[in-house]
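A.B. asks: Got a structure for you, questions after.
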Ligand code: PA5
């Protein structure tokens, strides 16, 4: 169960209208998803995961943005056990990083999960080509294609067409769910199942949140908006669990891409305490007062809990509005709830700012410019 400590004025009529708009948006499919899982697809995901685990020491997950952050966040946070190691590629254009990933796989048996909704994003496309070459060298074309799992659009895109032509095992990113809201689809579920995360429990947590998250999510969203209107233009997510660093990264993408448009939105930043108290602590305590802090209060040991309390008091005294999001369980169920809570909060919040939570015209602009430069050679 998620709870928040703030009590802004929530305009019930406005909230009702927003929730209706989100639900009926053509990209609002994530809202009911945890309760409407396609069981046929879910069984196929689990079967594919079992096959990968049986025949591969490594699963290379290739994707960027919403196509990798969510599952990486959960794997890092939950530290599940599996004999198949998950590694990541295609989330930058660094040749150095790619070489490191290729070297790590070395002569080990491996499979590839290439994830791209559009099927045209440059970073994963380049990494995929390299790993496909490596697969073909090791297993021959037929053997290689049997080890490629493509998660992409149901009907179109370069990756879709290639997957159909080469008969890769295919999973779908539903039409009505965008990248950063897709972690509970095959995008996240396949790598998570291979990594040993209990995906049933994850979905169970998210399904419970479908009803229960509305109240805390709307309070949090209205509070953010209120603070935004008062000139607090930066939100710092603070966690006291180092393993949740990538969950913070997922949050930054979710809020940044959903809200930052039309010259609107709150800039999302993140810290891990107590580590960052020794780097950013000074600024948080006494720097420019344009930011508020959102503590994600995971269940933790007594000593760490004391740091949470100390930060709350010190930063409030330092003039920072401090919000608290209390998470009751540090496990699959708890993270399932938390994901749904933040997705809902973010969509409501973007609507309050009057922007579309589900597009990313700025990201497309960069992708188009890069394509032009690459074409120039
Ligand atoms: O949230 C989003 O839509 C984006 O971050 C995308 O996930 C990211 O740009 C990758 O796109 P694609 O999955 O089409 O390769």
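A.B. asks: Looking at (1) over 20 Å from residue 75 (Cα atoms); (2) within 16 Å of the ligand (Cβ to nearest atom), which is the one condition that is false for residue 90?
C.D. replies: (1)
A.B. asks: Something else: Can you name the helices (runs of 4 or more DSSP H) wholly within the range 139-257 that have at least 1 residues being without any contact (Cβ under 8 Å) to a residue 24 or more places away in the chain and away from the ligand (no atom under 16 Å from the Cβ)?
C.D. replies: Numbers: elements: 158-166, 186-195, 199-212, 214-229.
Of the helices (runs of 4 or more DSSP H) lying wholly inside the range 139-257, those with at least 1 residues that are without any contact (Cβ under 8 Å) to a residue 24 or more places away in the chain and away from the ligand (no atom under 16 Å from the Cβ) span 158-166, 199-212, 214-229.
A.B. asks: Would you please name the residue that is nearest to residue 266 (Cα to Cα), looking only at residues in the range 347-368 that are away from the ligand (no atom under 11 Å from the Cβ) and without any contact (Cβ under 8 Å) to a residue 40 or more places away in the chain?
C.D. replies: If we take residues in the range 347-368 being away from the ligand (no atom under 11 Å from the Cβ) and without any contact (Cβ under 8 Å) to a residue 40 or more places away in the chain, then 365 is nearest to residue 266 (Cα to Cα).
A.B. asks: For the range 28-54: of the residues being over 27 Å from residue 212 (Cβ atoms) and touching a helix residue (DSSP H, G or I) at 6+ places or on another chain (Cβ under 9 Å), which is surrounded by the fewest Cβ atoms within 10 Å (Cβ to Cβ)?
C.D. replies: Only one residue fits best here, namely 50.
A.B. asks: Just to verify a result, which residue in the range 272-286, among those that are assigned to a helix (DSSP H, G or I) and touching a helix residue (DSSP H, G or I) at 6+ places or on another chain (Cβ under 9 Å), is surrounded by the fewest Cβ atoms within 10 Å (Cβ to Cβ)?
C.D. replies: It comes out as 275.
A.B. asks: Of all residues in the range 117-131 being touching a strand residue (DSSP E or B) at 6+ places or on another chain (Cβ under 6 Å) and crowded, with 23+ Cβ neighbours inside 10 Å, which is nearest to residue 185 (Cα to Cα)?
C.D. replies: 124
A.B. asks: Okay, next question. Any residue at all in the range 287-299 that's in a helix (DSSP H, G or I), touching a helix residue (DSSP H, G or I) at 6+ places or on another chain (Cβ under 7 Å) and either loosely packed, with under 15 Cβ neighbours inside 10 Å or at pLDDT 95 or above (or both)?
C.D. replies: no
A.B. asks: Please go through (1) surrounded by fewer than 21 Cβ atoms within 10 Å (Cβ to Cβ); (2) over 25 Å from the mean Cα position of the chain (by Cα) for residue 356 and return the number of the only condition it doesn't satisfy.
C.D. replies: Result: residue 356 passes all but (2).
A.B. asks: Determine, yes or no, whether residue 275 is in contact with a strand residue (DSSP E or B) (Cβ under 6 Å, 6 or more places away or on another chain), more than 15 Å from residue 342 (Cα to Cα) and more than 16 Å from the ligand (Cβ to nearest atom).
C.D. replies: Here the answer is no, as residue 275 does not meet what is asked.
A.B. asks: Please work out which one of (1) more than 13 Å from the ligand (Cβ to nearest atom); (2) at pLDDT below 95 is the condition residue 122 fails and give its number.
C.D. replies: (1)
A.B. asks: Moving to a separate point now. Name every residue in the range 258-271 that is surrounded by 19 or more Cβ atoms within 10 Å (Cβ to Cβ) and away from the ligand (no atom under 16 Å from the Cβ), in order of residue number.
C.D. replies: Hits for the range 258-271 are 266, 270, 271.
A.B. asks: Let me ask another. Can you spot a residue in the range 315-325 that is surrounded by 13 or more Cβ atoms within 10 Å (Cβ to Cβ), part of a helix (DSSP H, G or I), without any contact (Cβ under 8 Å) to a residue 40 or more places away in the chain and more than 16 Å from the ligand (Cβ to nearest atom)?
C.D. replies: Checking the range 315-325: at least one residue is surrounded by 13 or more Cβ atoms within 10 Å (Cβ to Cβ), part of a helix (DSSP H, G or I), without any contact (Cβ under 8 Å) to a residue 40 or more places away in the chain and more than 16 Å from the ligand (Cβ to nearest atom).
A.B. asks: Continuing with this model, one more query. With respect to the numbered conditions (1) part of a helix (DSSP H, G or I); (2) at pLDDT below 95, which one is the sole condition not fulfilled by residue 308?
C.D. replies: Evaluating residue 308 over (1) part of a helix (DSSP H, G or I); (2) at pLDDT below 95 leaves (2) as the failure.
A.B. asks: Next question, about the same structure. Which members of the range 53-67 meet the condition of being more than 16 Å from the ligand (Cβ to nearest atom) and either within 18 Å of residue 126 (Cβ to Cβ) or in contact with a strand residue (DSSP E or B) (Cβ under 6 Å, 6 or more places away or on another chain) (or both)?
C.D. replies: Those that are more than 16 Å from the ligand (Cβ to nearest atom) and either within 18 Å of residue 126 (Cβ to Cβ) or in contact with a strand residue (DSSP E or B) (Cβ under 6 Å, 6 or more places away or on another chain) (or both): 56, 58, 59.
A.B. asks: Here are some conditions: (1) away from the ligand (no atom under 16 Å from the Cβ); (2) assigned to a helix (DSSP H, G or I); (3) within 20 Å of residue 211 (Cβ to Cβ). Residue 343 meets all but one. Which one does it not meet?
C.D. replies: Condition (1) is where residue 343 drops out.
A.B. asks: Mind checking which helices (runs of 4 or more DSSP H) fall wholly inside the range 1-105 and carry at least 2 residues that are closer than 22 Å to residue 363 by Cβ?
C.D. replies: In the range 1-105, the matching helices (runs of 4 or more DSSP H) lie at 69-78, 95-105.
A.B. asks: Can residue 130 be described as at pLDDT 95 or above, in a helix (DSSP H, G or I), away from the ligand (no atom under 16 Å from the Cβ) and within 24 Å of residue 249 (Cα to Cα)?
C.D. replies: No, not satisfied.
The values are calculated or read from the model by the stated rules, or taken from the named source; none is laboratory data. Note that the coordinates shown come from a computational prediction; the quantities given were computed from them, not determined experimentally. Cβ: placed from backbone, ideal geometry, glycine included. Neighbour counts: every protein chain shown.
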